[in-house]
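A.B. asks: The structure is given below, and queries will be raised subsequently.
The values are calculated or read from the model by the stated rules, or taken from the named source; none is laboratory data. Here the structure is a predicted model, which is why all the values come from computation and not from measurement. In this analysis, Cβ positions are derived from the backbone assuming ideal geometry, glycine residues included, and neighbour counts consider all displayed protein chains.
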Amino acid sequence: MDKKTKILMIASIMLLVLICIGTLFICWIIRGPKREESRSLDTYGEWSLPEKYSKLLIFPEAVPASATDISYYYQFQEGWNRPMCQLFLACTLTDAEYEAEKQRLSETAASGENGINRAKYDENSFLYPAYVAIEGYDFCYEYALLNEEDRQIFYVYVMNTIYRDVKFDRKYLPDYYMENFENFEVDGLDRFTIYGNGD
């Protein structure tokens with residue numbers, strides 16, 4: 001094969017690759033980034049968040065049928081670099097269900113780089129005592145707040161969402177929410193997560 005033919009073949013392959021990339025980009029623009037939003041409990045558990053960010057272990061698999069005072073909100077939006085997500089569930093449980101759920105939260109754990117990581121119990125950073133699975137790691141937050149007096153639990157997951165864009169009552173956010181968000185040299189990778197390093 002002569003030099004001219006090799007150059008022509010390489011140029012053809014590069015052009016084909018560029019056409020494929022361009023086609024994918026155009027399809028993404030036409031389709032637009034994935035956006036989901038729901039306040040309907042019928043969609044509970046139908047979340048698009050990839051597991052590499054969180055397995056959402058703090059959240060119950062299902063909301064008990066006897067639960068009352070239920071409030072639910074879910075939002076997901078793809079981004080160029082990372083998605084944005086908000087997930088909020090509040091409910092009041094019977095005494096027995098509340099105690100069982102409190103026990104489950106206290107045992108919430110996941111395998112990390114250094115073995116099993118258990119959810120942290122935090123009495124200082126929130127409106128109510130909390131079990132925390134992600135404590136601001138990489139600007140993600142996952143926790144459950146326990147209102148003992150009313151047997152009410154607030155489950156929260158927020159990722160890459162600035163304070164003003166939070167759609168549920170902001171009083172349920174931790175006092176360290178989005179700390180250092182404007183400082184791109186500090187990305188929160190020194191913060192706690194039960195899921196290891198997020199990879």
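A.B. asks: Would you mind stating whether Arg82 is basic (Lys, Arg), more than 30 Å from Ala65 (Cα to Cα) and in the same structural domain as Thr68 (by TED's automatic domain parsing)?
C.D. replies: Details: basic (Lys, Arg): yes; more than 30 Å from Ala65 (Cα to Cα): yes; in the same structural domain as Thr68 (by TED's automatic domain parsing): yes.
It is true that Arg82 is basic (Lys, Arg), more than 30 Å from Ala65 (Cα to Cα) and in the same structural domain as Thr68 (by TED's automatic domain parsing).
A.B. asks: For the subset of segment 62-113 comprising residues that are touching a residue at least 40 places away in the same chain (Cβ under 8 Å) and part of a loop (DSSP other than H, G, I, E, B), which member is farthest from Phe139 (Cα to Cα)?
C.D. replies: Among residues in segment 62-113 that are touching a residue at least 40 places away in the same chain (Cβ under 8 Å) and part of a loop (DSSP other than H, G, I, E, B), the one farthest from Phe139 (Cα to Cα) is Thr94.
A.B. asks: So, of the residues in segment 160-193 that are surrounded by 19 or more Cβ atoms within 10 Å (Cβ to Cβ) and modelled with pLDDT of 95 or more, which turns out to be nearest to Tyr44 (Cα to Cα)?
C.D. replies: Among them, the one singled out is Phe168.
A.B. asks: Let me ask you something else. Between a residue in segment 124-139 that is more than 22 Å from Glu107 (Cβ to Cβ) and touching a residue at least 60 places away in the same chain (Cβ under 8 Å) and any residue that is hydrophobic (A, V, I, L, M, F, W, C) and part of a strand (DSSP E or B), which pairs come within a Cβ distance under 9 Å, given they are 6 or more apart or on different chains?
C.D. replies: Once the first residue is more than 22 Å from Glu107 (Cβ to Cβ) and touching a residue at least 60 places away in the same chain (Cβ under 8 Å) and sits in segment 124-139, its partners that are hydrophobic (A, V, I, L, M, F, W, C) and part of a strand (DSSP E or B) give Asp138/Met159.
A.B. asks: Hey, another quick one. Could you tell me how many of the residues in segment 126-150 are part of a loop (DSSP other than H, G, I, E, B) and at pLDDT 95 or above?
C.D. replies: Step one: filter segment 126-150 for residues part of a loop (DSSP other than H, G, I, E, B), giving 126-129, 136, 148-150.
After this cut, where a residue has to be at pLDDT 95 or above as well, the list is 126-129, 148-150.
Number satisfying all stated conditions: 7.
A.B. asks: Still on this structure, please answer the following. Scan segment 114-125 residue by residue and report those that are surrounded by fewer than 21 Cβ atoms within 10 Å (Cβ to Cβ), at pLDDT 95 or above and assigned to a loop (DSSP other than H, G, I, E, B).
C.D. replies: Glu123, Asn124, Ser125
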